Amino acid sequence: MKRNWEALVLRAMGGRTFRLTVRGTESVGGRYQRLHLDDGGLLAECGVHPTMWIRLWFDDDGRPHQRAYTLVDPDPAAGRFSLEFALHDGCAARWASAARVGDTIDATVQGSAFRLPDPAPRHLYLVGDAASLPAVNSLLDAAPDLPATVWVEYAHDDEKALPPRARPCHEVVWVPRRDGGRHLVDTVRTALPGAADAHYWVACEAASTRDITRHLRRTLGVGRHQLTALAYWSAR
Ligand SMILES: Cc1cc2nc3c(=O)[nH]c(=O)nc-3n(C[C@H](O)[C@H](O)[C@H](O)COP(=O)(O)OP(=O)(O)OC[C@H]3O[C@@H](n4cnc5c(N)ncnc54)[C@H](O)[C@@H]3O)c2cc1C
């Protein structure tokens, strides 16, 4: 597939590109498409960390279209992982819905880096939605004994078909998407405590992520090192 200046910049920044092959497809509750993939050597070369994401290159009417997706259950020994696509009207989501066994797609690894803080915080506060639930789940898997409170915004009831991988020490609060995300922001702002021994992880729609981050930093005085925040998509 044709590449653009973005690909050149990523390569100059050390990005490595691999060809993935679809080995299985699965609909999850109608609002997610899970694809099982052979990794083309990606995991052996790049390693794995919680919330790890890759840049997939889709074809949008002949133009390259790059979007980020999170590795699910990466298995370096087998050279396999899955991806879970929340479905909406977008090029990436459409590709995932139509993907068949044997289809291929290129993935660049550049920019993903996350480590659970060391020493471990006493509590994790996670704010996500359908797009970041795979990343939330990788965090819960990586910290099964760490108390966590998780807010998950959902736009459709069927999105709950992808369950949070919560253990008894994890509290999950489902929040319906209302008023363009305002309801999530208000819910989280009301409930979030500012604690020096906590880590905060925020990954939802761009405006919501910005508002929640601002509240954490300015109102609650949360330190930069205590906060991981990244917009996962933009409402347009
Ligand atoms: C680090 C990172 C990891 C991510 N991991 C995942 C993942 O594992 N699974 C996953 O599903 N998504 C994930 N995302 C989000 C995904 O990259 C975006 O949703 C992306 O915009 C989808 O591209 P698209 O081509 O389908 O739609 P776009 O061309 O980007 O947008 C088309 C239309 O769809 C709307 N739209 C886009 N995304 C969403 C959404 N999530 N919900 C509702 N409407 C939307 C846009 O507002 C626009 O109107 C991740 C994002 C980041 C930054």
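For (1) of a type in the set (G, A, S); (2) more than 23 Å from S27 (Cβ to Cβ); (3) loosely packed, with under 14 Cβ neighbours inside 10 Å, each residue gets a yes or a no:
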| site | (1), (2), (3) |
| --- | --- |
| A92 | yes, no, no |
| D106 | no, yes, no |
| R115 | no, yes, yes |
| L126 | no, yes, no |
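Filter region 194-236 for residues that are under 20 Å from A135 (Cβ atoms), among the charged types (D, E, K, R) and near the ligand (Cβ under 10 Å from one of its atoms) and give the result.
Scanning region 194-236 gives a single hit, E205.
Please enumerate the residues belonging to region 73-114 that are in a helix (DSSP H, G or I) and without any contact (Cβ under 8 Å) to a residue 40 or more places away in the chain.
Answer for region 73-114, where residues must be in a helix (DSSP H, G or I) and without any contact (Cβ under 8 Å) to a residue 40 or more places away in the chain: C91, A92, R94, W95, A98.
Condition test on G79, is it touching an Asp or Glu at 6+ places or on another chain (Cβ under 8 Å) and closer than 20 Å to V101 by Cβ?
Working: touching an Asp or Glu at 6+ places or on another chain (Cβ under 8 Å): yes; closer than 20 Å to V101 by Cβ: yes.
Judged against the criteria, G79 is a match.
Taking A135, is it in contact (Cβ under 8 Å) with a residue 24 or more places away in the chain and under 21 Å from C46 (Cα atoms)?
Spelling it out, A135 is indeed in contact (Cβ under 8 Å) with a residue 24 or more places away in the chain and under 21 Å from C46 (Cα atoms).
Run down H215, H183, H199, H225 and say which single residue is at negative phi and in a strand (DSSP E or B).
Being at negative phi and in a strand (DSSP E or B) holds for just one of H215, H183, H199, H225, which is H199.
Any residue in region 4-15 that is within 22 Å of S234 (Cβ to Cβ), of a type in the set (S, T, N, Q) and surrounded by fewer than 13 Cβ atoms within 10 Å (Cβ to Cβ)?
Yes.
Within region 122-157, can you find the residues that are more than 24 Å from P74 (Cα to Cα) and within 13 Å of the ligand (Cβ to nearest atom)?
E153, Y154, A155, H156
Confirm whether F18 is within 12 Å of A96 (Cα to Cα), outside any helix (DSSP H, G or I), among the aromatic types (F, W, Y) and more than 17 Å from the chain's Cα centre (by Cα).
Details: within 12 Å of A96 (Cα to Cα): no; outside any helix (DSSP H, G or I): yes; among the aromatic types (F, W, Y): yes; more than 17 Å from the chain's Cα centre (by Cα): yes.
For F18, the condition - within 12 Å of A96 (Cα to Cα), outside any helix (DSSP H, G or I), among the aromatic types (F, W, Y) and more than 17 Å from the chain's Cα centre (by Cα) - is not met.
Where the second residue is assigned to a helix (DSSP H, G or I) and not acidic (D, E) and the first is farther than 18 Å from Y154 by Cβ and lies in region 204-215, which pairs have Cβ atoms under 6 Å and are six or more apart or on separate chains?
Correct list of pairs: D211/V185; H215/R189.
Check whether at least one residue in region 31-42 is modelled with pLDDT of 95 or more, surrounded by fewer than 18 Cβ atoms within 10 Å (Cβ to Cβ), more than 17 Å from D106 (Cα to Cα) and not charged (D, E, K, R), and report yes or no.
no
Name the pairs whose Cβ atoms lie under 9 Å apart, with the first residue in region 28-46 and of a type in the set (S, T, Y), the second surrounded by fewer than 19 Cβ atoms within 10 Å (Cβ to Cβ), and 6 or more positions between them or separate chains?
Y32/E26; Y32/D158; Y32/A161
Select from region 130-167 the residues that are aromatic (F, W, Y) and either surrounded by 22 or more Cβ atoms within 10 Å (Cβ to Cβ) or at pLDDT below 95 (or both) and list them in ascending order.
W151
The values are calculated or read from the model by the stated rules, or taken from the named source; none is laboratory data. Keep in mind that what you see is a predicted model, and the values were worked out from it rather than measured. Positions of Cβ are generated from backbone atoms using ideal geometry, with glycine treated the same way; all protein chains shown enter the neighbour counts.
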